[in-house]
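Following: one structure in structure tokens, then a few remarks.
The values are calculated or read from the model by the stated rules, or taken from the named source; none is laboratory data. The shown structure was predicted, so the numbers you read here are calculated from the model rather than taken from an experiment. With ideal geometry, Cβ positions are generated from the backbone for all residues, glycine too; neighbour counts draw on all protein chains shown.
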Amino acid sequence: MKKIYLKSIVFGLATVALASCSDVADEITSIVYNRNFSPTSVEAKVRNRTNIELSWNLGDGVTNYNVEVYANDSLTFAGSPVQSFSVTPDQVPVLITGLDGETQYSFRVQATDGDATRDSKWSGVYAKTEAEQLFKNVKEEDIKAKEVTLRWTAGEEAATITLTPGNIVYNITAADIAAGAATVTGLTPETEYTAVMARANGKTRGKISFTTGVYLEETDILVKAGSNIAQAITDAPEGYRLIVEPGTYGIATDEAAFGGSVTVSKNLTIKGLRQNDHPVIKGRFKVEASLTIDQVTLDGKGTDGGQAFDFTAANTIDHFTVNNSEVTNYTKGFYYVNKAAKINSLVINNCLISNIECDGGDMFDCRAGAILMLNITNNTIWNSCKGRDLVRYDDKSGNFAGVAPVITIDHNTIVGACNDAGKRILYVRFKGNSITFTNNIVTASAGNFSNQKNTAEPTFENNFYSGADGYVTEGANANALFVDKSGTIADPQFKDAANGDFTVGNDAVKDNKAGDPRWF
């Protein structure tokens, strides 16, 4: 039998050596191609709005890669590139900077080994940059009730600033550009505006949102620093707002100046005067009427061991809302409904919730009442509820036939809660419920979603899990009745979780905009 040995093969000009079994020949030691292979799996990802991270699979024997960048292009590569350069394999992936915002670019890559006759064919990909962001964060002192001063890097040019709602157009002057600041007037108090700064060609140079300050109306009461906050709540007329100046306010007990509780028996709003300098209220609330808490820090340190909010009457409450606030240092939980209260809407939004031990209670705890709509959105919850359930919802009173609770848990960062195999994020036993669990990050939790037959399997979408396999992997927690089959296991790479900074470092999590939006 003859053997065929291929001593060398040059593709394009192939030489094949044949020998009989008596000839001396070598087996294949190398394959030489007449040109380098084109780069494969070329990807372009937007980083920090106007930069592009370009990556591809590396080829054998390639010493350099030529890269060309074309603006306003979709893989036609017509005209001249706006950038062209060469990188070595150890420089891949490469971050391309100096690009315009809101512009589609085509990128192409060519492999070379120093011999131009062997350069590969080009491989291309395209991507569109996001809008630029030149605006600086809006300072508290630059926000008034009816005007705002917006700032950006001095000398950077733009033509207009447009504010919505209202489509208010401000024409930027040469003096504004030199100062890097413009003051826009004619705004409505306590309104969330979005400002877009644009070039003359309409391309965005900056986008930022802010909320105008408080303008005291006839139904507003200004609570000055040092005032008795409990007395102000008791004395306020039905439907009024208490606008509270920055400072620390104690709800007194017989023994101390803080740590007690106050009953809210009339529909009220308690709102901090400043967005970024919240008043601190030390104490608890007994809720018997509609209540809105906004721009306030609630501190339970030194209280009598209860929840921040205790619903103490078997009545109907239209709404209960805690918004843009911080709630910390309570022993038993966030809220407790152990009366046959019917709450049409309960909303916890854009809050920082920490150091709530849940000793003797669960975090969001409804035992005997009925919450028709429960929304927990855009919050960060950490160092809390480690050995208890996050959302508990029972039907102990049995007084609410026909009620079908709708529960929405969206865009939250939940760290270390329910860190026991038998504890649940959704301990829901009120029949007829429906649940949405979307865009959340859950980390450092040994628990599960639910082991209760009455808990509806949620609608899941775009959730990320780390150190929390019982929520996403079937069989990882024997107590789990269901898991999030669409969920992704990924470390969010928090910047400094030990000190409450949950800025996300993982690009995949950032790209999908999961968790509390403040950390994107």
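Annotations for the structure displayed:
- Residues that are over 27 Å from the mean Cα position of the chain (by Cα) and in a strand (DSSP E or B), drawn from the range 138-167: 147, 160
- Residues that are basic (Lys, Arg) and either at positive phi or surrounded by fewer than 18 Cβ atoms within 10 Å (Cβ to Cβ) (or both) are absent from the range 237-250.
- Considering only residues in the range 104-136 that are surrounded by fewer than 19 Cβ atoms within 10 Å (Cβ to Cβ), over 27 Å from residue 195 (Cβ atoms) and polar (S, T, N, Q), the one that is modelled with the lowest pLDDT turns out to be 117.
- Search result, residues across the range 387-430 that are in a loop (DSSP other than H, G, I, E, B) and of a type in the set (Lys, Arg): 388, 396, 423, 429
- Scanning the range 401-408 finds no residues that are in contact (Cβ under 8 Å) with a residue 24 or more places away in the chain and in contact with a helix residue (DSSP H, G or I) (Cβ under 9 Å, 6 or more places away or on another chain).
- None of 477, 512 is out of contact with any helix residue (DSSP H, G or I) (no Cβ under 9 Å at 6 or more places or on another chain) and not assigned by TED's automatic domain parsing to the domain that holds residue 49 except 512.
- Residue pairs whose Cβ atoms lie under 9 Å apart, sitting 6 or more positions apart in sequence or on different chains, and linking a residue in the range 226-241 that is under 17 Å from residue 281 (Cα atoms) to a partner that is in a helix (DSSP H, G or I) and among the charged types (D, E, K, R), do not occur here.
- Qualifying residue in the range 216-236 (condition: at pLDDT 95 or above, over 29 Å from the mean Cα position of the chain (by Cα) and within 21 Å of residue 377 (Cβ to Cβ)): no
- Matching residues, the range 51-98, being free of Cβ contacts under 8 Å to residues at least 40 places away in the same chain, part of a loop (DSSP other than H, G, I, E, B) and not hydroxyl-bearing (Ser, Thr, Tyr): 58, 60, 72, 78, 79, 81, 82, 92, 98
- Residue match in the range 138-155 (condition: closer than 23 Å to residue 55 by Cα and hydroxyl-bearing (Ser, Thr, Tyr)): no
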